[in-house]
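Just below is one structure, and these are the notes that go with it.
The values are calculated or read from the model by the stated rules, or taken from the named source; none is laboratory data. Everything numeric in this text was worked out from a predicted model, so none of it was measured. Glycine also receives a Cβ, built like all others from the backbone with ideal geometry; neighbour counts cover every protein chain displayed.
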Amino acid sequence: MKFTETKLKGCFILEPKIIKDERGYFMESFNEKTFQEGVGQKVTFVQDNQSFSTKGVLRGLHYQCGEHAQAKLVRVLDGEVLDVAVDLRPESDTYGQYEAVLLSAENKTQFFVPRGFAHGFLVLSETATFFYKCDNFYNKESEGGILYNDETLNINWNFPIQDLIISDKDKALPNLQNAKKVW
């Protein structure tokens, strides 16, 4: 597994070693020891989540606050998405900046988003099955979110705005300035 840290300290792109032959392929998608060495910290995942969405669905930008903050290891099992992490750590040099990564069933790339980040994704293929591990349990009272088109963040979703499918809940999220503090 190859680990590449992004411009956002603590966010890593993970590229698995894929072994192909006439039968198909094999890859190790997760190994706790390799993962912890690669990201340089102890992370214990406690919950797996999976979603299915159609083209143009934008989910996010979501996060959990305080003691319920979550780190996530995300990947796409089927289809293709643009995955986005936004640094919300107030002490960070990259506060308010984002990283966007193309994740697909074809490239098998994974993205590690540590605690203190908002996360969202946009489905680029006809459908996509999205899978992620969390290191903390979901807590409704600790939910936070930021509007996907916040002008301060200026995220380039590289997709026609009129074709986005966004939940009413996500359309009503505040901008960065008015969002809940991550801690």
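So that you can scan it fast, the table gives a plain yes or no per residue for (1) under 29 Å from residue 40 (Cβ atoms); (2) out of contact with any helix residue (DSSP H, G or I) (no Cβ under 6 Å at 6 or more places or on another chain); (3) modelled with pLDDT of 95 or more:
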residue: 107; (1), (2), (3): yes, yes, yes
residue: 115; (1), (2), (3): yes, yes, yes
residue: 132; (1), (2), (3): yes, yes, yes
residue: 135; (1), (2), (3): yes, yes, yes
residue: 139; (1), (2), (3): yes, no, yes
residue: 143; (1), (2), (3): yes, yes, yes
residue: 148; (1), (2), (3): no, yes, yes
residue: 152; (1), (2), (3): no, no, yes
residue: 165; (1), (2), (3): no, yes, yes
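Here is a yes/no grid of residues against (1) hydrophobic (A, V, I, L, M, F, W, C); (2) in contact (Cβ under 8 Å) with a residue 24 or more places away in the chain:
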{"residue": "129", "(1), (2)": "no, yes"}
{"residue": "138", "(1), (2)": "no, yes"}
{"residue": "144", "(1), (2)": "no, yes"}
{"residue": "149", "(1), (2)": "no, no"}
{"residue": "158", "(1), (2)": "no, yes"}
{"residue": "161", "(1), (2)": "yes, no"}
{"residue": "165", "(1), (2)": "yes, yes"}
{"residue": "168", "(1), (2)": "no, no"}
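Starting from residues that are touching a His at 6+ places or on another chain (Cβ under 8 Å) and in contact (Cβ under 8 Å) with a residue 40 or more places away in the chain, keep the ones in region 68-87 and report whichever is surrounded by the fewest Cβ atoms within 10 Å (Cβ to Cβ).
First, pick out the residues of region 68-87 that are touching a His at 6+ places or on another chain (Cβ under 8 Å): 72, 74, 83-86.
Then keep just the ones that are in contact (Cβ under 8 Å) with a residue 40 or more places away in the chain; that gives 72, 74, 84-86.
Numbers: 72: 25, 74: 23, 84: 25, 85: 29, 86: 27.
Filtering region 68-87 for residues that are touching a His at 6+ places or on another chain (Cβ under 8 Å) and in contact (Cβ under 8 Å) with a residue 40 or more places away in the chain, the one surrounded by the fewest Cβ atoms within 10 Å (Cβ to Cβ) comes out as 74.
A search for C-beta distances below 7 Å between a residue of region 92-111 that is without any contact (Cβ under 8 Å) to a residue 40 or more places away in the chain and any residue that is surrounded by 18 or more Cβ atoms within 10 Å (Cβ to Cβ) and among the polar types (S, T, N, Q), counting only pairs 6+ apart in sequence or on different chains, returns 103/109. Count of region 115-132 residues, restricted to those that are closer than 23 Å to residue 65 by Cα and not in a strand (DSSP E or B), is 2.
Of all the residues that make up region 29-49, how many are within 29 Å of residue 180 (Cβ to Cβ) and part of a loop (DSSP other than H, G, I, E, B)? Number satisfying all stated conditions: 7. Looking only at residues in region 1-28 that are more than 15 Å from residue 111 (Cα to Cα), assigned to a strand (DSSP E or B) and of a type in the set (D, E, K, R), the one that is nearest to the chain's Cα centre (by Cα) is 20. Here is a check on your reading of the model: is residue 52 over 26 Å from residue 151 (Cβ atoms), in contact (Cβ under 8 Å) with a residue 12 or more places away in the chain and part of a strand (DSSP E or B)? It is true that residue 52 is over 26 Å from residue 151 (Cβ atoms), in contact (Cβ under 8 Å) with a residue 12 or more places away in the chain and part of a strand (DSSP E or B).
Those residues that are part of a loop (DSSP other than H, G, I, E, B) and crowded, with 22+ Cβ neighbours inside 10 Å, I need them from region 88-113; list them, please.
Filtering region 88-113 for residues part of a loop (DSSP other than H, G, I, E, B) gives 88-97, 105-109.
88, the sole residue that qualifies.
The condition of being surrounded by 11 or more Cβ atoms within 10 Å (Cβ to Cβ) and at positive phi holds for only one of 56, 24, that being 56. If you go through region 172-183 and pick out every residue that is assigned to a helix (DSSP H, G or I) and either free of Cβ contacts under 8 Å to residues at least 12 places away in the same chain or surrounded by fewer than 11 Cβ atoms within 10 Å (Cβ to Cβ) (or both), you end up with 2. Inspect all residues belonging to region 60-67 and state whether any of them is within 30 Å of residue 168 (Cα to Cα), aromatic (Phe, Trp, Tyr) and either touching a residue at least 40 places away in the same chain (Cβ under 8 Å) or not in a strand (DSSP E or B) (or both). Yes, there is a match, as at least one residue in region 60-67 is within 30 Å of residue 168 (Cα to Cα), aromatic (Phe, Trp, Tyr) and either touching a residue at least 40 places away in the same chain (Cβ under 8 Å) or not in a strand (DSSP E or B) (or both).
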